[in-house]
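Report on one structure; see the data block that follows.
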Amino acid sequence: MISRKKVLVTGGAGFLGSHLCERLLAEGHDVLCVDNYFTGTRDNILKLLSNPHFEMMRHDVTFPLYVEVDEIYNLACPASPIHYQFDPVQTTKTSVHGAINMLGLAKRVKARILQASTSEVYGDPTHHPQEEEYWGNVNPIGPRACYDEGKRCAETLFFDYYRQHNLPIRVARIFNTYGPRMHPNDGRVVSNFIMQALKGEPITIFGDGSQTRAFCYVDDLIDGLVRLMGAPDEVTGPINLGNPVEMTVRELAEKVIAMTGSRSKLAFKPLPVNDPTQRCPDITKARTVLGWRPTVDLETGLGLTIDYFRGLARA
Ligand code: NAD
Ligand code: UDP
């Protein structure tokens, strides 16, 4: 028997947030989704709007929020480099003021609070694969800093609220995650490559494509977040969540071309400034502490994602 909780999901109309809302509703909770629709859409949550246990509130987390909830998942923040660099000052405000507001709310209502942090806190890592003890290699004044440093400062705030106010916190460091409901134009590598392949356009590889990433399917990631929230209070994290199967960006492009049967050719473009050269999570902690490991392999996950984007093109 699961006890019904009131759960706040900030950024709930986004890619990960909408999947999380769906999962929490399926588990029998009441979900309050807060989003300013900067990168999220009503379409992502359309089928949830008629659920009496789901409520949507248009709100910007850089402003205080007064609601009564038992748990908070703080996901509000644009995640794609194109979007977070569009208005970098607002990106930092969203991470920092957003964290202060949500932590203040959690403290007032005595709620557990989980922060969606990121592998970007490791910057362009000099240590590989990345485990949680690694402090990272971030350029504090580069074009990615609004996101990386904003997320690092949010982690600082979470741990200060934990030490100073004994707040039950959870910090998840999320590595590249993909799946249905990524925005088709959000500029991230998986959605870009699939859209380009389906349209027969050139596949844009930044740099020579030798930089590596490890890609996690959305359902696995959501399962990790829910397990982390449900873990005993001493499990604060930070804890890496990602699929540790590392590949180059070029290998990903070739896989997408093969799986879509596309005739697209590779087009090499300049590498963005401070683009991390090598990234892969060490998930020993998630495995041992949460009993979590990814279960969806790249082939299966990409297949589901390609089907989703094909469906969008037909709609
Ligand atoms: P997304 O852009 O699809 O979702 C972010 C959501 O936050 C959107 O719905 C957006 O409208 C909302 N938002 C942005 N600023 C806001 C504000 N000021 N107030 C209220 N809502 C606001 O991105 P996503 O991939 O779903 O990422 C969700 C979270 O997970 C983010 O915090 C991101 O940093 C983190 N994360 C994601 C990944 C990934 O690979 N998807 C990796 C690491 C970390
Ligand atoms: N990338 C690419 N072509 C694209 C989009 C991205 O080669 O059209 C590369 C990008 O330079 C990076 C990797 O793919 O090395 C992952 O990029 P993404 O923006 O998805 O996430 P990041 O891990 O950089 O935040």
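Read the figures in this text as sums done on the coordinates, not as results from a lab. In this text the structure is predicted, and so the values were computed from the model without any measurement. Heads up, the Cβs are rebuilt from the backbone with ideal geometry, glycines too, and the neighbour counts pull from every protein chain shown.
Observations on the model:
- Here VAL69 qualifies as more than 8 Å from ligand 1 (Cβ to nearest atom), buried (at least 19 other Cβ atoms within 10 Å of the Cβ) and in contact (Cβ under 8 Å) with a residue 40 or more places away in the chain.
- Pair list, Cβ under 9 Å, 6 or more apart: the range 170-194 residue free of Cβ contacts under 8 Å to residues at least 40 places away in the same chain, other residue in a strand (DSSP E or B): ASN192/ILE203; ASN192/THR204
- A Cβ distance below 6 Å, combined with a sequence gap of six or more or placement on separate chains, defines the contacts here; from the range 41-62, residues that are under 22 Å from PRO78 (Cα atoms) reach residues that are assigned to a loop (DSSP other than H, G, I, E, B) and charged (D, E, K, R) in the pairs ASN44/ARG181.
- Counting only strands (runs of 3 or more DSSP E) that sit completely within the range 151-262, those holding 1 or more residues that are closer than 22 Å to VAL109 by Cα and not polar (S, T, N, Q) correspond to 169-174.
- Across the range 58-111, the number of residues qualifying as closer than 15 Å to ARG170 by Cα, assigned to a loop (DSSP other than H, G, I, E, B) and out of contact with any Ser or Thr (no Cβ under 7 Å at 6 or more places or on another chain) comes to 3.
- Check on LYS110, of a type in the set (D, E, K, R), more than 15 Å from ligand 1 (Cβ to nearest atom) and under 21 Å from VAL235 (Cβ atoms): yes
- Search result, residues across the range 5-30 that are outside any loop (DSSP other than H, G, I, E, B) and among the hydrophobic types (A, V, I, L, M, F, W, C): VAL7, LEU8, VAL9, PHE15, LEU16, LEU20, CYS21, LEU24, LEU25, ALA26
- Residues in the range 244-280 that are within 16 Å of THR305 (Cβ to Cβ), exposed (fewer than 14 other Cβ atoms within 10 Å of the Cβ) and in contact with a Ser or Thr (Cβ under 9 Å, 6 or more places away or on another chain): there are none.
- Selected residue (only one of VAL245, VAL256 is closer than 22 Å to THR300 by Cα and under 18 Å from the mean Cα position of the chain (by Cα)): VAL245
- Residue that is surrounded by the fewest Cβ atoms within 10 Å (Cβ to Cβ), among those in the range 32-57 that are outside any loop (DSSP other than H, G, I, E, B) and away from ligand 1 (no atom under 14 Å from the Cβ): LYS47
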